[in-house]
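The values are calculated or read from the model by the stated rules, or taken from the named source; none is laboratory data. Note that this is a predicted model, so its numbers are computed, not measured. Cβ placement follows ideal geometry from the backbone for every residue including glycine, while neighbour counts extend to all protein chains displayed. Heads up: the accessible areas ignore ligands, DNA and RNA and are worked out on the full protein's heavy atoms, side chains in. Shrake-Rupley method; radii C 1.70, N 1.55, O 1.52, S 1.80 Å.
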Amino acid sequence: MYGLRSLYQNEIKQKLVQELDIKNPMLTPKLEKIVISVGAGEYAKDMKIMQNIADTISIIAGQKAVITKAKKSVAGFKMREGMPMGVKVTLRGNMMYNFLEKLIVISLPRVKDFRGVSRNGFDGRGNYSFGLNEQLMFPEVVYDDIMVSHGMNITFITSTNSDKEAFKLLELLGMPFAKGK
């Protein structure tokens with residue numbers, strides 16, 4: 001069940017120490033958490049749709065998602081304090097590795113004309129983000145149960161501050177990066 005986690009513990013960790021020439025094994029890069037988020041956009045005013053999005057993300061993540069609310073009012077965005085703005089879920093531990101394995105092995109290969117995820121999603125501090133256009137690529141999502149088709153942002157937070165080390169970690173975990181530069 002936790003194949004990717006044991007693969008990291010038994011093989012990937014040693015490869016990272018050798019390839020990145022790490023002197024202290026405690027400094028070996030590791031995946032700390034995965035955050036899945038959806039911005040509400042035009043659906044922020046409709047609580048039924050917001051709850052449907054939260055339910056869909058909960059099914060995908062295998063953990064309850066929370067509806068985030070605005071902290072301040074911004075007239076330019078027609079947003080009031082306390083208004084729902086999006087949905088997010090933070091995955092750690094076994095749930096994180098289960099989601100990552102499902103994403104890499106099942107969901108991403110189902111995308112039509114998939115050529116890999118962009119290599120440009122690193123933020124300069126060892127974290128990687130990319131977006132998906134729709135939630136239907138996940139096998140547990142039932143088409144008849146969703147009210148609106150929405151995308152999502154997926155962010156991988158690693159223990160390293162180096163993009164190079166984070167890239168190597170994700171590559172060894174099996175992340176299908178696009179070929180080339």
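Things to note:
- Among (1) surrounded by 17 or more Cβ atoms within 10 Å (Cβ to Cβ); (2) at positive phi - the single one S37 does not satisfy: (2)
- Residue satisfying all of: in segment 94-125; more than 16 Å from G174 (Cα to Cα) and aliphatic (A, V, I, L, M); surrounded by the fewest Cβ atoms within 10 Å (Cβ to Cβ) among these: V111
- Pairs are defined by a Cβ separation below 9 Å, a sequence spacing of at least 6 or placement on different chains, a first member in segment 95-109 that is touching a residue at least 40 places away in the same chain (Cβ under 8 Å) and of a type in the set (S, T, N, Q), and a second member that is open to solvent by less than 40 Å² (accessible area, probe 1.4 Å) and assigned to a helix (DSSP H, G or I); the pairs so defined are N98/L4.
- Scanning segment 149-167 for residues that are surrounded by 15 or more Cβ atoms within 10 Å (Cβ to Cβ) and within 24 Å of D55 (Cα to Cα) yields H150, M152, N153, I154, T155, F156, I157.
- One residue alone among I157, I104 is within 26 Å of Q18 (Cα to Cα) and at pLDDT 90 or above, and that residue is I157.
- Only listed residue being farther than 15 Å from I36 by Cα and out of contact with any Ser or Thr (no Cβ under 9 Å at 6 or more places or on another chain), chosen from R119, R92, R125: R119
- Residue count, segment 142-166 (criterion: of a type outside the set (D, E, K, R) and farther than 23 Å from G93 by Cβ): 9
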